[in-house]
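Engineer: Below you will find the structure I want to go over with you.
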Amino acid sequence: MLIFLGNDIYKKKVNELLSLNLEIIDTDRTIAIRAGELHMIYKLPLGDSLIAATGINENIKHVLTDDGHFDAVQNFIKPINLKTALKMGR
């Protein structure tokens with residue numbers, strides 16, 4: 001993301017995210033192993049594998065994305081787009 005936004009905007013966006021009431025989950029051994037399995041079995045890119053593994057480990061039911069890679073793991077964590085997420089939030 002740094003390449004697309006530039007250093008100053010990137011730092012600002014990271015600080016904005018950190019100021020929200022988000023729970024940050026550290027990658028532990030269990031998540032790392034699960035991510036490796038998802039990467040190997042479902043051919044997910046490594047970043048997507050880490051996101052999916054973290055969600056699965058934390059019992060998250062949905063991931064907000066328009067990334068088609070998550071279709072391969074929808075039995076574990078269902079990909080939804082912004083429109084669907086907004087409907088669910090009502």
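Engineer: Taking only pairs that are 8 or more places apart or on different chains, how many Lys pairs in the chain have Cα atoms under 23 angstrom apart? It would help to have the intermediate numbers written out before the result.
Structural biologist: On the way: Lys13/Lys83; Lys43/Lys61; Lys43/Lys78; Lys61/Lys78; Lys61/Lys83; Lys61/Lys87; Lys78/Lys87.
Pairs that pass both the separation and distance tests number 7.
Engineer: Right, here's the next one. Among Leu44, Leu22, Leu64, determine the one that fluctuates most according to a GNM of the chain built with springs between C-alpha atoms less than 10 Å apart.
Structural biologist: Leu22
Engineer: May I pose another question? 222 nm [θ] for the chain, helices only, -39500 (n - 2.57) per DSSP H run of 4+, per residue, to 500?
Structural biologist: Working: 5 runs with 50 residues, N = 90.
-16500 deg cm²/dmol, from helical runs alone.
Engineer: Determine, for each peptide in 26-34, 77-85, the mean count of other beta carbons within 10 angstrom over its residues, then list the peptides with the highest first. Provide the component values of the computation, followed by the final result.
Structural biologist: Details: 26-34: 12.3, 77-85: 14.6.
Peptide ranking by packing, descending: 77-85, 26-34.
Engineer: Once you list every other residue whose beta carbon is under 15 Å from the beta carbon of Ala35, what net charge do they have if Lys and Arg are +1 and Asp and Glu are -1? Each step should come with its number before you reach the end.
Structural biologist: Numbers: positive: Arg29, Arg34, Lys43; negative: Asp26, Asp28, Glu37, Asp48, Glu58.
Local charge sum for Ala35: -2.
Engineer: What percent does the relative contact order of the range 1-60 come to when contacts are Cα pairs within less than 8 Å and at least six residues apart?
Structural biologist: Values: 25 pairs, mean separation 16.0, N = 60.
Over the range 1-60, the number comes to 27 percent.
Engineer: Tell me, what are the semi-axes, in whole angstrom and largest first, of the equivalent ellipsoid of the chain as set by the roots of 5 times the Cα gyration tensor eigenvalues? Intermediate values should be presented prior to the final figure.
Structural biologist: Values: eigenvalues 106, 65, 40 Å².
Square roots of five times the eigenvalues give 23, 18, 14 Å.
Engineer: Oh, and also: Could you compute the net charge surrounding Phe76? Neighbours are other residues with a C-beta less than 10 Å from the C-beta of Phe76; K and R count +1, D and E count -1.
Structural biologist: Values: positive: Arg34, Lys61, Lys78; negative: none.
Computed value for this residue: +3.
Engineer: Restricting to Cα pairs below 8 Å that are 6+ residues apart, what does the relative contact order work out to for the range 25-88? Please round to a whole percent. Could you put the intermediate results ahead of the total?
Structural biologist: On the way: 70 pairs, mean separation 16.8, N = 64.
Result for the range 25-88 is 26 percent.
Engineer: Moving on. Mind giving me the nanometre distance, one decimal, between the label points for Leu17 and Lys87, set 7 Å out from Cα along Cα→Cβ?
Structural biologist: It works out to 2.7 nm between the two label points.
Only the coordinates and a few stated rules stand behind these numbers; no lab work does. Fair warning: this is a prediction, and the values are worked out from it, not measured in the lab. Virtual Cβ from ideal backbone geometry, glycine too; neighbours counted across all protein chains shown.
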